[in-house]
Amino acid sequence: MGLLCLRYLHEKMKKSLRLKILSNGELSDSLQYSSLIHLLNLSSIYSMVSNLIRIFIAASIFIIAGIFLRDSIITDKQIQTAKDQLWVTHEAELYILENIEHWSVDHETNTAFLSASKLQFFYNPISLELQTTELVADLSSIVLSPVIESKITQVWIELNDEIIDVRWKMKSGTVHLYNVNNIQQNEIIGVFIHELAHHIDIYTLTKKVFQDPSNNFYQVSWENTNTIKSGQKIKDFVSWYAMSNKYEDFAESLTYYVFANEEMREKSKNSFSLKQKYEFFEKTLFKWNEFKQTNFSLDSQKRYYWDITKKWFDIEKFLDYLEKYI
């Protein structure tokens with residue numbers, strides 16, 4: 001645009017000079033000198049601006065090319081960060097409020113069963129701490145049990161009394177549980193195990209030498225994050241919700257393995273894909289036969305489930321198993 005303006009002024013100057021030519025066809029000395037100065041100044045400005053614009057264009061191309069090359073190289077850290085920042089919500093396609101304020105408190109009453117290196121609780125609002133002592137004790141006993149503790153890194157848990165569109169989410173290493181005063185203990189524990197599964201997927205099964213160990217699970221049923229492989233059937237998944245994406249498949253399947261191990265094993269006899277998923281957990285996470293041939297389910301076995309966390313489990317029996325497991 002700047003070049004066009006300068007070019008326009010340059011042409012206007014030449015036209016003006018032509019109009020001032022004397023009748024004998026020559027410019028006066030003073031007019032010749034003045035016009036020459038104007039032309040030289042304009043030419044210099046035109047040349048300088050042209051060079052600046054060329055430099056600016058070249059620099060812009062260089063910067064854009066650098067950004068493109070940088071963004072085109074996906075590092076392991078970027079992949080892990082993407083997994084880390086994945087919002088795992090329980091209702092597909094729902095978005096939740098992001099700006100949740102955190103309250104951190106000194107848990108003097110919980111020091112008997114909390115391990116600072118493994119577990120920390122947050123409350124929203126802070127008054128919720130006094131209302132959830134039993135729930136905190138149950139969640140702590142799960143995380144710090146020998147069966148689970150060795151399979152997780154540090155876990156932060158935020159308890160919320162808000163009633164929103166989802167029951168949970170897991171973001172940046174923090175498990176958020178919502179509406180905890182109005183949801184039954186059985187469901188909260190089920191939801192929590194589901195979120196621990198996401199935590200294990202992201203933070204425990206990190207990439208080793210060549211690939212993320214979780215890929216051995218994902219590749220059973222998934223072409224990519226959201227695309228199910230051709231030929232997969234409903235029976236190849238533990239629930240309808242597991243069919244949302246590969247991460248939910250992992251979390252739902254692990255929850256089923258933990259709460260209804262024997263039931264999952266029986267179903268896997270009719271599905272090679274489900275058998276592969278069962279064996280993945282058996283060989284990757286539970287090498288010492290944890291949960292093997294257990295079944296804490298209280299409701300009758302169904303052919304298909306919408307949501308594993310909605311199954312009815314014997315929580316007392318489950319917690320007792322974790323406490324006594326050696």
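The values are calculated or read from the model by the stated rules, or taken from the named source; none is laboratory data. Bear in mind the structure is a predicted one, so any value in this text is a computation, not a measurement. Note that each Cβ is placed from the backbone with ideal geometry, even for glycine, and that neighbours are counted across all protein chains shown.
Data table
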read-out: Positions within the range 218-268 being farther than 23 Å from residue 291 by Cβ and of a type in the set (Val, Ile, Thr), in sequence order; value: 225, 227, 228, 234
read-out: Residue check, residue 273 over 21 Å from residue 148 (Cβ atoms), small (Gly, Ala, Ser) and either part of a loop (DSSP other than H, G, I, E, B) or in contact with a strand residue (DSSP E or B) (Cβ under 6 Å, 6 or more places away or on another chain) (or both); value: no
read-out: Selection within the range 289-313 - surrounded by 12 or more Cβ atoms within 10 Å (Cβ to Cβ) and small (Gly, Ala, Ser); value: 297
read-out: Residues of the range 255-301 satisfying the condition of being touching a residue at least 60 places away in the same chain (Cβ under 8 Å), of a type in the set (A, V, I, L, M) and touching a Phe, Trp or Tyr at 6+ places or on another chain (Cβ under 6 Å); value: 258
read-out: Residue tally, condition in contact with a helix residue (DSSP H, G or I) (Cβ under 7 Å, 6 or more places away or on another chain) and free of Cβ contacts under 8 Å to residues at least 24 places away in the same chain, over the range 154-192; value: 1
read-out: Within the range 127-216, helices (runs of 4 or more DSSP H) holding 3 or more residues that are surrounded by fewer than 16 Cβ atoms within 10 Å (Cβ to Cβ); value: 133-143
read-out: Some residue of the range 231-239 being surrounded by 15 or more Cβ atoms within 10 Å (Cβ to Cβ), in contact (Cβ under 8 Å) with a residue 40 or more places away in the chain, small (Gly, Ala, Ser) and not in a loop (DSSP other than H, G, I, E, B); value: no
read-out: Considering residues of the range 109-126 that are surrounded by fewer than 11 Cβ atoms within 10 Å (Cβ to Cβ) and not hydroxyl-bearing (Ser, Thr, Tyr) only, the residue modelled with the highest pLDDT; value: 116
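Quick grid of which residues meet (1) crowded, with 17+ Cβ neighbours inside 10 Å; (2) at pLDDT 95 or above:
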| residue | (1), (2) |
| --- | --- |
| 274 | yes, yes |
| 280 | yes, yes |
| 287 | no, no |
| 317 | no, yes |
| 323 | no, no |
